[in-house]
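Notes follow once the structure below has been shown.
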Amino acid sequence: MNEGRKLTIVLTRTEVNKKSWEGMFPGSPIIVLKEIELVREILLTQGMLGHGEIERVVLDGEIEPLAFLDFLSTVPPRFLGDILFITSAGSGFLSSSVPRGDGRVLYPLLNRDVAFYIRLHFDQVGHRELPSLAVAA
């Protein structure tokens, strides 16, 4: 078990992106899933995972913006991690919890902002481009 470790859950439906996320950042524990309903269920039952705390969720260009907003509306208040939505164009939105647990905020991100976030949180072995970030350089 990885108790105490910070986990990242990634939603991506393409096999290329799945393999990229799984092999891209070996020092970061990442769970790659293909169904948004499974991501939602994990957040709702987060305390039952037994694998560590979920630090962030990345939705990698696989859903429409309205589906992202729908997803955000169902995130339980106890989930204090980041939710990064990367559009197919490489830009995105970052949802973060507000410091006293008073809800969430939503920040629009340019391509370079998304690339910076990825480098900041995952670059433990040197930066390598993710397929969805190819236009961000």
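The values are calculated or read from the model by the stated rules, or taken from the named source; none is laboratory data. Please read these numbers as outputs of a predicted model, since none were measured by experiment. As a convention, Cβ positions derive from the backbone with ideal geometry for all residues, glycine included, and neighbour counts pool all protein chains shown.
Values computed for the structure shown
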item: Inter-residue pairs, beta-carbon under 7 Å, first under 13 Å from Pro76 (Cα atoms) and in region 86-111, second among the polar types (S, T, N, Q) and crowded, with 18+ Cβ neighbours inside 10 Å, 6+ apart; result: Arg104/Ser95; Arg104/Ser97
item: Region 91-124, residues that are within 13 Å of the chain's Cα centre (by Cα), part of a strand (DSSP E or B) and of a type in the set (Phe, Trp, Tyr); result: Phe93
item: Failed item in (1) surrounded by 11 or more Cβ atoms within 10 Å (Cβ to Cβ); (2) at pLDDT below 75; (3) among the small types (Gly, Ala, Ser), with Ala137 passing the rest; result: (1)
item: Criterion violated by Ala67 - all others in (1) within 21 Å of Glu41 (Cβ to Cβ); (2) loosely packed, with under 15 Cβ neighbours inside 10 Å; (3) modelled with pLDDT under 85 satisfied; result: (3)
item: First in region 29-47 and more than 21 Å from Pro77 (Cα to Cα), second anywhere and among the aromatic types (Phe, Trp, Tyr), Cβ under 7 Å, 6 or more apart; result: Ile30/Trp21; Val32/Trp21
